[in-house]
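Enquirer: If you scroll down you'll find the structure; I have some questions about it.
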Amino acid sequence: MIKIVHYINQFYAGVGGEDKADVGPEKMATIPPISNALKAQFKGEADVVATVYCGDSYFAENTEAALESILAYIEEEKPDLVVTGPAFNAGRYGVAAGNIAAAVTEKLGIKSISGMYIENPGADMFKGKTYIVSTRNSAVGMKDALPLMAKLALKLVKGEEIGSAEEEGYISRGVRVPVWEKERGARRAVNMLLNKLNGEEYITEFPMPMFDKVDPNAAIKDITKAKVALVTSGGIVPKGNPDHIESSSASHYGKYDIDGVSDLTAETFQTAHGGYDPVYANDDADRVLPVDIMRDLEKEGKIGKLHRYYYSTVGNGTSVANSKKYAEEIAKELVADGVDAVILTST
Amino acid sequence: MIIITNNDKVYEKFSERYKVVLIDGTYKDVLIKVRDMIHLGHKLLTHPLMGSVKPNETPYRSIAIADQIDRVDTGDIIIIEESIMTFDKFAKVDRPNRGQDATTTMKVDYAEIDLSLIGNAIDR
Amino acid sequence: MKLELGLIKIEDIQFASESKIDGTTLFVDKETVKKIVLEDEVLVSCDVDIAKPGESVRITPVKDVIEPRVKVEGTGGVFPGWMHKVDTVGSGRTNVLKGCAVVTAGKVVGFQEGIIDMSGEGAKYTPFSKLNNLVLIIEPDESKDQHTYEKALRLAGLRVATYLGELARELSAKEVKTFESCTIPEGIEKYPGLPRVAYVLMLQSQGLLHDTYVYGVDIKQSLTTMLMPTEIFDGAIISGNCVSACDKNTTFHHQNNPVVEELFAEHGKTINFVGVIITNENVYLADKERSSNWSAKMCKFLGVDGVIISQEGFGNPDTDLIMNCKKIEAEGIKTVIITDEYAGRDGASQSLADADKAADAVVTGGNANVVIKLPKMDKIIGHIEAVDIIAGGWDGSLQEDGSIEAELQVITGATNEMGFNCYSAR
């Protein structure tokens with residue numbers, strides 16, 4: 001019998017919601033309903049021998065230690081394959097599920113699959129290192145996801161040939177695979193051109209990578225009169241992180257008043273960002289959000305004015321779609337406030 | 001015109017007619033120097049990835065830029081940055097320094113090819 | 001302009017005291033061939049060998065592959081500008097020795113490359129494993145520089161191919177293929193309802209071992225220009241490049257340009273094939289801008305609806321390719337581009353050095369970084385030690401048992417960007 005270990009988060013393990021997101025890794029004595037549902041999809045061909053879970057925040061904040069214990073739990077079971085998730089659009093869960101699946105394959109040499117929504121940051125981070133079945137963006141998609149995941153899992157364990165991303169329902173791994181076509185390239189080019197000329201469907205053999213190139217705005221005519229704002233994805237927040245911006249996959253951004261503030265100090269500001277060593281940012285947050293220098297420039301008359309509010313979020317693992325959404329909202333406010341220019345700082 | 005190169009042969013052949021900056025360093029050092037010069041407002045004249053010898057294979061690189069300082073050309077910045085990315089991509093292969101590690105006779109040939117490429121571009 | 005290609009089938013090559021074609025066998029007088037090669041005083045020694053399909057033979061480093069042809073009717077002669085005057089070719093009749101080729105092998109520079117395996121794994125990737133090859137192994141006077149040697153080697157191959165082609169001058173071919181292109185007014189009159197299509201053929205033009213010649217002209221010194229498609233079949237374009245052998249067009253590729261053949265196959269049926277625009281791939285950025293401007297301008301001038309663009313080489317030609325594509329699409333003309341990829345051994349790296357959303361119809365000749373294992377061959381023609389240092393090979397890629405582990409890019413023509421092969425990537 002094929003042996004499967006299932007990894008899930010604290011919510012699906014029945015431990016609790018966000019309030020329990022800081023629990024450490026555990027192996028469950030009896031497998032929870034979701035693992036039973038997965039097992040049912042194997043129709044007797046495979047057994048879910050164990051389920052391991054971990055709190056989403058715990059994993060995000062203690063990734064290395066968490067990964068080590070989780071891998072140890074998995075190794076004990078000597079499974080043929082590890083299934084993680086499905087995580088749908090839950091950012092921290094997705095990153096954990098992708099990370100664990102990738103590590104299982106890379107470090108233990110055990111096959112793995114995961115499942116999540118295409119915009120989950122974990123998808124982009126780990127799609128090249130494991131197979132991630134494409135799911136809907138919420139648990140509504142569970143009944144579609146599990147059969148696909150089970151089918152792909154069995155194929156992998158049996159060493160059967162894995163078809164293309166579209167055929168199998170996984171997220172394209174972004175890896176170019178050699179193929180022998182039936183017709184030579186020149187013929188394929190002519191066929192493609194005929195289709196393109198006739199307005200019929202054609203499929204490019206190499207989709208161009210898409211970069212979201214932004215045309216620069218016209219230069220500011222007189223910067224000494226301009227109102228300048230600071231916006232950062234470096235996670236600088238007032239001490240204590242009043243809006244609880246997450247250390248990764250931020251679900252929102254913060255807007256903070258810096259009226260009268262001329263220097264960010266260790267006592268007043270910190271970073272919420274979990275993706276870089278926070279010591280230097282916590283020590284002096286001006287290093288990420290240069291309020292001190294802006295005040296100097298303001299005093300020297302080199303800029304008109306520093307905008308009263310700055311905006312901050314955490315870029316770490318935050319999806320492009322969310323980033324765009326935040327930016328649209330922030331931009332609208334900045335325009336309404338008469339801001340002429342923005343300095344964007346990242347980390 | 002300024003030629004940024006790490007190839008002695010290019011320096012010998014062109015230094016009387018053009019400004020030639022001879023870099024004591026690698027292919028990548030040449031790319032980085034050119035990137036810096038582009039940011040100072042020098043226009044890129046020849047493509048940084050000229051030739052079919054891959055960046056991890058030849059130790060030599062020569063690139064021509066304009067002598068005069070003008071507005072920074074963002075198109076040039078994109079070309080040089082993409083070239084550096086391509087260099088780094090090839091540097092990830094099993095033998096990143098094949099060019100550096102080549103035998104002396106092969107290096108002579110690499111230098112000759114580099115000289116031919118840049119010579120064909122500027123001697124017209 | 002109408003050209004008939006008389007296909008003289010060659011199924012075997014043998015050495016003999018007299019060169020001739022008898023039935024489907026090409027008999028070659030080795031001594032005469034050597035003499036023809038050594039006419040050039042730059043070249044001091046020449047050996048001649050035969051490699052047939054299925055044999056345990058490896059040829060390396062390959063400089064060029066040439067198909068012997070002879071012009072039997074119509075103006076001019078094959079390889080105009082080199083073997084004949086610059087009279088315009090492409091009309092009348094040309095006899096083709098189908099099924100054989102002249103392969104020149106010679107080490108111009110230390111890191112040179114190009115492998116043709118006649119059997120085994122490597123044979124799958126190169127079209128030249130299916131041909132009976134007359135291989136010329138040529139050594140230069142060592143006091144000569146590489147440029148002189150490269151030219152001598154290039155021309156020696158053309159001379160031998162022309163000599164062999166002449167053997168078919170009086171033969172009448174059983175199979176004749178006819179290609180007819182029309183003038184612009186004729187095309188408009190004959191095919192009023194068909195989309196007008198041109199072919200933009202990009203030619204490598206950067207310097208030593210990176211050059212292409214058209215009617216004897218080094219194409220880097222030319223502006224973008226036009227050819228009637230049939231001129232290509234008479235050797236109007238010859239190859240002077242072989243570095244990174246997988247995606248370089250040999251002279252054979254030009255003589256048998258598959259895009260031209262496939263566009264002719266549709267000409268008058270689904271499209272009106274208007275002509276071939278040839279453009280260069282210079283390293284000077286202003287040249288790239290100018291040449292691609294001219295490609296787009298000519299497409300517009302010809303009033304075409306669609307074009308196929310084929311690239312040659314990798315790296316900075318990606319920039320030319322994307323410029324051509326973008327500027328032609330900007331004229332409202334539909335494009336399909338043919339390229340190849342350097343996506344890393346695992347296929348996970350970015351394939352091209354440049355990209356644009358206008359390039360939404362791409363045909364690929366595959367990933368040149370794919371690692372393949374080539375078995376030991378019983379016989380090596382050329383310089384096997386080159387394999388260890390050629391592009392795509394690495395230290396120890398020549399294994400002790402004589403097998404080779406190397407990237408696909410060592411194989412001559414493996415990822416050809418004229419779409420010569422069926423190999424691709426997804």
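None of the figures in this text is laboratory data; all of them are computed from the coordinates on show. These numbers were taken from a predicted model, which means no experiment stands behind them. Positions of Cβ are generated from backbone atoms using ideal geometry, with glycine treated the same way; all protein chains shown enter the neighbour counts.
Enquirer: In whole Hz and in residue order, list the ³J(HN,Hα) couplings for region C:251-268 that follow from phi through the Karplus curve 6.51 cos²θ - 1.76 cosθ + 1.60, θ = phi - 60°; x for Gly and Pro.
Expert: 4, 4, 4, 4, 4, 10, 3, x, 5, 4, 4, 5, 5, 4, 4, 9, 4, x
Enquirer: With r as the distance between the Cβ atoms of A:Ser251 and A:Asn198 and R0 = 41 Å, compute the FRET efficiency 1/(1 + (r/R0)^6) and round to 0.05. Working shown, then result.
Expert: Details: r = 47 Å, r/R0 = 1.14.
Efficiency, from the Cβ-Cβ distance: 0.30.
Enquirer: Straight-line reach from B:Lys19: which aspartates and glutamates have a Cα under 15 Å away, not including same-chain ones fewer than 8 places off?
Expert: B:Asp8, B:Asp67, B:Asp123
Enquirer: State the antiparallel share, in %, of DSSP beta bridges confined to region C:1-131, rounding to the nearest 5. Please list the in-between numbers first.
Expert: Working: 13 of 25 bridges.
Antiparallel: roughly 50 percent of the beta bridges in region C:1-131.
Enquirer: Can you pull out the GluC sites (Glu not before Pro) in region B:1-104 whose DSSP state is coil and whose Cβ has at most 11 other Cβ atoms within 10 Å? Don't jump to the answer; show the numbers that get you there.
Expert: On the way: sites: B:Glu12, B:Glu16, B:Glu57, B:Glu81, B:Glu82; in loops: B:Glu16, B:Glu57.
In loop regions of region B:1-104 (DSSP not H, G, I, E or B), the sparsely surrounded GluC sites (Glu not before Pro) are B:Glu16.
Enquirer: With labels modelled as points extended 7 Å from the Cα through the Cβ direction, what inter-label distance (nm, one decimal) is found for C:Glu41 paired with C:Thr270?
Expert: It is 5.7 nm.
Enquirer: Provide the FRET efficiency to the nearest 0.05 for the B:Gln100-A:Glu18 pair, computing r from the beta carbons and using R0 = 56 Å.
Expert: Working: r = 53 Å, r/R0 = 0.95.
Plugging the Cβ-Cβ distance into 1/(1 + (r/R0)^6) gives 0.55.
Enquirer: Work out the charge dipole of region C:215-272 with +1 on the Cβ of Lys and Arg and -1 on the Cβ of Asp and Glu about the Cα centre, then indicate which of C:Thr224, C:His254, C:Ile237 is farthest towards its positive end.
Expert: C:Thr224
Enquirer: For chain A, what's the relative contact order in percent, using C-alpha pairs closer than 8 Å and at least 6 residues apart?
Expert: Worked out over chain A, it gives 14 percent.
Enquirer: Using 0.36 nm per residue of separation minus the Cα-Cα distance, give me the extension gain between A:Glu75 and A:Asp277 in nm, one decimal. It would help to have the intermediate numbers written out before the result.
Expert: Details: separation 202, 0.36 × 202 = 72.72 nm, distance 3.06 nm.
Gain on extension, A:Glu75 to A:Asp277, equals 69.7 nm.
Enquirer: Classify the protein assembly as shown: rounded, prolate or oblate, from the alpha-carbon gyration tensor (a ≥ b ≥ c, eigenvalue square roots; a/c under 1.5 rounded; otherwise prolate if a/b is larger than b/c)? Each step should come with its number before you reach the end.
Expert: Details: a/c = 2.05, a/b = 1.61, b/c = 1.27.
Cα axes put the protein assembly as shown in the prolate bin.
Enquirer: For q = 0.08, 0.13, 0.14 Å⁻¹, what log10 I(q)/I(0) does chain A give under the Debye formula with an equal point scatterer on each alpha carbon and no solvent?
Expert: Ignoring solvent entirely, the Cα scatterers give -0.52, -1.01, -1.08.
Enquirer: In a Gaussian network model over chain A where Cα atoms closer than 10 Å are linked, find which of A:Ile245, A:Ile162, A:Ile113 has the largest mean-square fluctuation.
Expert: Looking only at A:Ile245, A:Ile162, A:Ile113, the largest GNM fluctuation is found for A:Ile162.
Enquirer: Rounded to the nearest 20 Debye, what is the dipole magnitude of region A:124-180 about its Cα centre when Lys and Arg each give +1 and Asp and Glu each give -1 at the C-beta?
Expert: Details: 9 positive and 7 negative charges, 35 e Å.
With only Lys, Arg, Asp and Glu charged at Cβ, the dipole is about 180 debye.
Enquirer: Along the charge dipole of chain A, Cβ charges K/R +1 and D/E -1, which of A:Leu197, A:Leu306, A:Tyr256 sits furthest on the positive end?
Expert: A:Leu197
Enquirer: Among DSSP beta bridges whose residues both lie in the protein assembly as shown, state the antiparallel percentage, nearest 5.
Expert: Working: 63 of 144 bridges.
Around 45 percent of the beta bridges assigned by DSSP in the protein assembly as shown are antiparallel ones.
Enquirer: Any idea how far apart C:Ser172 and C:Ile384 come out in nm if each label point goes 7 Å out from Cα toward Cβ?
Expert: With each label point 7 Å from Cα toward Cβ, the separation is 4.9 nm.
Enquirer: Something else: On a 29 Å Cα-Cα criterion, which of the cross-link pairs C:Lys130/C:Lys248; B:Lys9/C:Lys30; A:Lys27/A:Lys143; C:Lys71/C:Lys288; C:Lys107/C:Lys376; A:Lys239/A:Lys324 come out too long?
Expert: On the way: C:Lys130/C:Lys248 18 Å; B:Lys9/C:Lys30 41 Å; A:Lys27/A:Lys143 25 Å; C:Lys71/C:Lys288 35 Å; C:Lys107/C:Lys376 21 Å; A:Lys239/A:Lys324 26 Å.
Those over the limit are B:Lys9/C:Lys30; C:Lys71/C:Lys288.
Enquirer: How many percent of DSSP beta bridges within chain A run antiparallel, rounded to 5? Kindly include the intermediate steps, with their values, before the conclusion.
Expert: Numbers: 11 of 41 bridges.
In chain A, approximately 25 percent of DSSP beta bridges are antiparallel ones.
Enquirer: Then there is this: Taking Cα pairs under 8 Å and at least six residues apart, what relative contact order does region B:2-122 come out at, in percent? List each step's numbers first, then the result.
Expert: Working: 185 pairs, mean separation 37.2, N = 121.
Relative CO of region B:2-122 lands at 31 percent.
Enquirer: Also: Count charges around C:His147 for me, please; just the other residues with Cβ under 15 Å from its Cβ, Lys/Arg as +1, Asp/Glu as -1. Don't jump to the answer; show the numbers that get you there.
Expert: Numbers: positive: B:Lys9, B:Lys13, C:Lys63, C:Lys107, C:Lys144, C:Lys151, C:Arg154, C:Lys220; negative: B:Asp109, B:Glu112, B:Asp114, B:Asp123, C:Asp40, C:Asp141, C:Glu142, C:Asp145, C:Glu150, C:Asp211, C:Asp218.
With Lys, Arg at +1 and Asp, Glu at -1, the neighbours total -3.
Enquirer: How many nm is it between the label spots at C:Lys2 and C:Glu73, if each spot is 7 Å from the Cα in line with the beta carbon?
Expert: 0.8
Enquirer: Sticking with this one: Give B:Lys89/C:Lys357; C:Lys52/C:Lys220; C:Lys52/C:Lys98 a once-over and call out the pairs whose C-alpha atoms are over 24 Å from each other. Spell out each step's value before the answer.
Expert: Working: B:Lys89/C:Lys357 22 Å; C:Lys52/C:Lys220 36 Å; C:Lys52/C:Lys98 14 Å.
Violating the 24 Å limit, Cα to Cα: C:Lys52/C:Lys220.
Enquirer: Next question, about the same structure. Between C:Glu142 and A:Val177, take the C-beta separation as r, use R0 = 41 Å, and let me know the FRET efficiency to the nearest 0.05. Could the numbers behind the result be given before it?
Expert: Working: r = 46 Å, r/R0 = 1.12.
After rounding, the FRET efficiency stands at 0.35.
Enquirer: How large is the charge dipole for region C:2-410, taken about the Cα centre, if only the Cβ atoms of Lys, Arg (+1) and Asp, Glu (-1) carry charge, to the nearest 20 debye? Provide the component values of the computation, followed by the final result.
Expert: Working: 41 positive and 62 negative charges, 230 e Å.
So the magnitude is around 1100 debye.
Enquirer: In square nanometres and to one decimal, what's the mean projected area of the convex hull around the Cα atoms of region C:2-410?
Expert: Answer in nm², one decimal: 19.6.
Enquirer: Can you list the HN-Hα couplings for region A:223-236, worked out from phi with the Karplus curve (6.51, -1.76, 1.60; θ = phi - 60°), rounded to whole Hz and with x for Gly and Pro?
Expert: 5, 6, 10, 7, 8, 10, 10, 10, 9, 9, 9, x, x, 6
Enquirer: Now a separate question. Counting only other residues whose beta carbon sits under 15 Å from that of A:Tyr73, what net charge do I get with K and R as +1, D and E as -1? List each step's numbers first, then the result.
Expert: Values: positive: A:Lys3, A:Lys27, A:Lys78, A:Lys107; negative: A:Glu26, A:Glu68, A:Glu75, A:Glu76, A:Glu77.
That sum, taken over residues with Cβ under 15 Å, equals -1.
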